[in-house]
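**Q** Please see the structure below; I have some questions.
The values are calculated or read from the model by the stated rules, or taken from the named source; none is laboratory data. Quick caveat: nothing in here was measured; it's all calculated off a predicted structure. Note: ideal-geometry Cβ built from the backbone for every residue, glycine included; neighbour counts use all protein chains shown.
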Amino acid sequence: MTADARVVRWTAVGVGIALGVLIPAFLSNFLRSLASDAAIAGLIVLSLVVLTGLVGQISFCQYSFAAIGAFTVGSLVAGHHWEFWLALLVGVCFAAAVGVLVAIPALRLSGLFLAILTIGVALFFDRFLLAPGTWDSFSGGTSSWRPGRPSFFGIGLRGEYAFYLFVFGILLVACLLVWNLRTGKTGRVLRAVRESEVAASTVGLNLTAWKLTAFGISAALAGLAGGLSAVRVGSASAGSYDFLHSVIIAAIATVVGVGAITSAPVGGMFLLFVPEIMRAWTPFSTQWFPFVTGILLIFQLVYAPDGAVVDSERRIMRRLHPPAPPPTADDTATPERVLARTST
Amino acid sequence: MVLAGVSLLPGFTVIGIVLGGIYALAAIGLVLIYRVSGVLNFAHGAVAMFSTFVAYQVSVKSGLPGWLGLIAAIAVGIGIGFIIERFTMRPLTGRPALTKVVVTIGWLLVLQTLAGRIWGQNAYHSPVRLVSKSGFRLIGTSVVVGYDQLTTVIVAVVLALATAAVLRFTTLGASMRAVADDPESARLWGISVNRVTAASWMVGSAMAAIAGVLITPLINFDTFSLTLVVIDAFTAALIGRLTSLPYAVVGAGLLGLAQTYPRAFFNTSGVSEAVTFGLLLIALAVLFRPGARKLRMA
């Protein structure tokens, strides 16, 4: 990437962050709470950026991982009067552990069968684990947990704007971590695994460990989102974490593209604000939203297969920075050069 | 409680077999589509759901005879199958299998939402009646078998056998098997791969429609629960390694019984789903191990 393109990219990121901080200051409390939800949904899209974008595994159970975070926070904070932060940490670790557990059968399965497995997991959570009567001390049974909002270093997060800034900050940190992951060694390894497992294993990469790591990180991000969502809404109930939510977020992640980290905030905003736009300015109610998402998904996969955000990003980048000439004969493939090439 | 459970078993066996027959139909459609077109159709349950609601509209809401509803459902199923294949699968030829799967997920959302907007989110208990509601007592036992249950099993068996016969003995069946094995060679032999693929989607979706209509007397159906029949179909199909139709039918029977029996002993909701998940895990872990034996389609 040339210095030019880099300047443009970081300016865009800076402007985006500034707008993300400033715009909600002028919005109503209702829209601020939607913005918080969008940031939280952004974390789940980010978890798919890790899983699908980096490893090429598809998942239809991200909201089940989120449910783990939400119900851990709910039961520990509301049921056992734990400190929120500790409960959140436990929830994230628990989600990561379950993510690794799901990944174990996934290790020997190709993408298609993994997709079936994740649907199985989602339905298992929906219909069995979180159903009233199965594990009430976790799921809260027929009544739902009501965890209160925490405070952040003495600053109360009861106000919608304060809470929004808090989750927005967490989203930014998470994006930064994933960006670091992508550009660092881990990212190169995971991409190698995605492109060709055989080639990756011949250069001595431990596929098992890396796939488990990716699943763990992805589930941890989703669990984090769940924990935050529980205190955002002030309650945790199974209906908000069902299979259909997982399918819709997977569809949105695919529409905006799982190849770019910017997809996370864009995807989150899509999930929360498109239904509002539909309600306010179109004759369709918000209940048509999954329909719109489905249609977009179908059309997008037929016409812009890498996702809208990735596609437009690439178009902008191409304008700023025409593609490098193809490698010439004396450009011998040394390991350093191969790694450098795969990382761009 | 255990004793009370045991006394329920004979009756539950009947329900389990009926359920298994329905799953078998759904699984046959799924395997047919998967083998011929290479697409794992996650919208299979949604197609079944949508067609079933059309049957509900025709024969329950409009009061027309049940068989007319069934025909309408089959027609709609065939139509949806054709549209999915012709307009969203054919343009994706040569693209990764995962992309096609995600497109079927898009269809799931579309059909699910559309049905929800047309027929609402409520659960219905108004079965599409194909035969009279009465039943007969099984000789020597106290188990009553409904004529609708008997019909379901007979339809499932006949259709499974008919599919096998079509695949074995007809030109279309032979072309389907050829395309399933190797589309390139099939094309070289003068088989219109596109046409055969479309046929598989249409037949498979019709099967889904029939399965959906037949399941209506057994459950309180709503748009979501019927869409989720796809996971039962997957489990049954996976027992046949997504390849073998006979094994898929056996798997469907197993699944139907395995889902029904625990209900005699446990009152907790979701036990059937837990059992399905367990079977799914076993099927995925055991049958898809590297180097597993290849199976024949029919």
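**Q** Just one of the numbered conditions (1) part of a helix (DSSP H, G or I); (2) within 14 Å of chain B (Cβ to nearest Cβ); (3) touching a Pro at 6+ places or on another chain (Cβ under 7 Å) is not true of A:LEU112; which one?
**A** Evaluating A:LEU112 over (1) part of a helix (DSSP H, G or I); (2) within 14 Å of chain B (Cβ to nearest Cβ); (3) touching a Pro at 6+ places or on another chain (Cβ under 7 Å) leaves (3) as the failure.
**Q** Looking only at the range B:206-226, count how many residues are out of contact with any Phe, Trp or Tyr (no Cβ under 9 Å at 6 or more places or on another chain), within 14 Å of chain A (Cβ to nearest Cβ) and either hydroxyl-bearing (Ser, Thr, Tyr) or crowded, with 18+ Cβ neighbours inside 10 Å (or both).
**A** 1
**Q** Oh, and also: Taking the condition crowded, with 21+ Cβ neighbours inside 10 Å and among the aliphatic types (A, V, I, L, M), does A:VAL274 pass?
**A** Judged against the criteria, A:VAL274 is not a match.
**Q** Could you run through the range B:256-287 and say how many residues are of a type in the set (Ser, Thr, Tyr) and away from chain A (no Cβ under 12 Å)?
**A** Residues in the range B:256-287 being of a type in the set (Ser, Thr, Tyr) and away from chain A (no Cβ under 12 Å): 2 in total.
**Q** Further question on the same structure: Quick check, is A:PRO150 in contact (Cβ under 8 Å) with a residue 24 or more places away in the chain and over 30 Å from A:ARG194 (Cβ atoms)?
**A** Yes.
**Q** Pairs only if they're at least six apart or on different chains, beta carbon under 6 angstrom, first in the range A:17-32 and more than 16 Å from A:GLY268 (Cα to Cα), second of a type in the set (D, E, K, R); list them, first residue then second.
**A** Short answer, once both residue conditions are applied: A:ASN29/A:GLU160.
**Q** Tell me, which helices (runs of 4 or more DSSP H) wholly within the range A:1-85 include 1 or more residues that are of a type in the set (D, E, K, R) and more than 21 Å from A:GLY187 (Cα to Cα)?
**A** Ranges flagged: A:3-22, A:29-48.
**Q** Here is a further query. Taking the conditions exactly as written (within 19 Å of the chain's Cα centre (by Cα) and either at pLDDT below 85 or surrounded by 15 or more Cβ atoms within 10 Å (Cβ to Cβ) (or both)), does A:PHE94 satisfy them or not?
**A** So A:PHE94 fits the description; yes.
**Q** Another one. Among the residues of the range A:277-291 satisfying the criterion of being hydroxyl-bearing (Ser, Thr, Tyr) and within 12 Å of chain B (Cβ to nearest Cβ), which is surrounded by the most Cβ atoms within 10 Å (Cβ to Cβ)?
**A** The residue in question is A:THR286.
**Q** Pick out the one residue from B:LEU25, B:LEU30, B:LEU19 that is surrounded by 24 or more Cβ atoms within 10 Å (Cβ to Cβ), of a type in the set (A, V, I, L, M), in a helix (DSSP H, G or I) and touching a His at 6+ places or on another chain (Cβ under 6 Å).
**A** B:LEU30
**Q** Shifting gears a bit: Cβ contacts < 8 Å: first residue closer than 23 Å to A:PRO24 by Cβ, restricted to the range A:166-188; second residue of a type in the set (Ser, Thr, Tyr), any location; separation 6+ or different chain. Result?
**A** Qualifying pairs under 8 Å: A:VAL167/A:SER36; A:PHE168/A:SER36.
**Q** Considering only residues that are among the aliphatic types (A, V, I, L, M) and more than 14 Å from every other protein chain (Cβ to nearest Cβ), which ones fall in the range B:227-247?
**A** Once the filter is applied, which keeps residues that are among the aliphatic types (A, V, I, L, M) and more than 14 Å from every other protein chain (Cβ to nearest Cβ), the range B:227-247 yields only B:LEU245.
**Q** Testing B:LEU138 on (1) farther than 21 Å from B:ASN220 by Cβ; (2) over 21 Å from the mean Cα position of the chain (by Cα); (3) more than 9 Å from chain A (Cβ to nearest Cβ); (4) modelled with pLDDT of 90 or more, one condition comes back false. Which one is that?
**A** (4)
**Q** What are the residues in the range A:233-259 that are over 28 Å from B:SER225 (Cα atoms) and buried (at least 22 other Cβ atoms within 10 Å of the Cβ), if any?
**A** A:VAL256, A:GLY257, A:VAL258
**Q** Every residue in the range B:240-273 that is under 30 Å from A:ASP136 (Cα atoms) and without any contact (Cβ under 8 Å) to a residue 12 or more places away in the chain, please.
**A** Scanning the range B:240-273 gives B:PHE266, B:ASN267, B:THR268, B:SER269, B:GLY270, B:VAL271, B:GLU273.
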